[in-house]
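Read through the structure below, which is laid out as structure tokens, and then see the notes.
The values are calculated or read from the model by the stated rules, or taken from the named source; none is laboratory data. Predicted model only: the values in this text are computed from it and were never measured. Note: ideal-geometry Cβ built from the backbone for every residue, glycine included; neighbour counts use all protein chains shown. For accessibility, only protein heavy atoms count, side chains too; no ligands or nucleic acids. Shrake-Rupley method; radii C 1.70, N 1.55, O 1.52, S 1.80 Å.
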Amino acid sequence: MEKRLLLVSSLAPFGAVAYGDPGWQAVVPRGVEHRGRVAHGTDLTRAYCAAEINVDIGRIYQSDIVTMRVFDVLSCGAFLLAEHNEAITRLFEVGVEVETWRTPQELREKVAWYLTHPEERMAIAQRGMEAVHQRHTIQLRVDEMLAAVDLP
């Protein structure tokens, strides 16, 4: 959790806002607003869409996966700046359908850049939404799992 708290805190100069359980209150003294939990469904979709930039910071044990948040944010047409890993490069075209960061400095630099380049940000968000709707639906995943089982 400390990794995530430190990274979000480093985004305070950009007006960062955190949603989540009371543990996120730790970012308030560091200049980040904490807005509490957001209910799944419509409320969460509204929060993703209202943000100029959604940042995905994986937990330490998630360094080699693509989290559900990636699909959730992209599927509603919102912009995502996700922590880079090889798994995300297999599912999305980085810089075209989603943007990633590798270091805390790169995270801050990309936040600053995309805040001042809304056209590029919106174009990536649109392509990310199209990618999820075309290549990452639940039906496609179920079909892949059934094909892997190879039933008689």
Problem - Index of the failed condition, residue 28 passing every other in (1) assigned to a helix (DSSP H, G or I); (2) among the β-branched types (Val, Ile, Thr); (3) under 11 Å from the mean Cα position of the chain (by Cα) - result: (3)
Exercise for the section: Give me the pairs, please: first residue somewhere in segment 49-61 and in a helix (DSSP H, G or I), second residue anywhere and modelled with pLDDT under 95 and hydrophobic (A, V, I, L, M, F, W, C), beta-carbon distance under 8 Å, and either six or more positions apart or on two chains. Expected result: none
Exercise for the section: Output the helices (runs of 4 or more DSSP H) that fall wholly within segment 74-152 and possess 3 or more residues being open to solvent by 20 Å² or more (accessible area, probe 1.4 Å) and in contact (Cβ under 8 Å) with a residue 40 or more places away in the chain, or say none. Expected result: 104-115, 118-135
Practice task
For segment 23-43, name all the residues that are open to solvent by 30 Å² or more (accessible area, probe 1.4 Å) and either over 21 Å from residue 67 (Cα atoms) or touching a residue at least 12 places away in the same chain (Cβ under 8 Å) (or both).
Solution key: 23, 25, 26, 28, 29, 30, 31, 33, 34, 35, 37, 38
Fill in the blank from the handout: Per the filter on segment 41-60, residues at pLDDT below 90 and of a type in the set (D, E, K, R) are 59
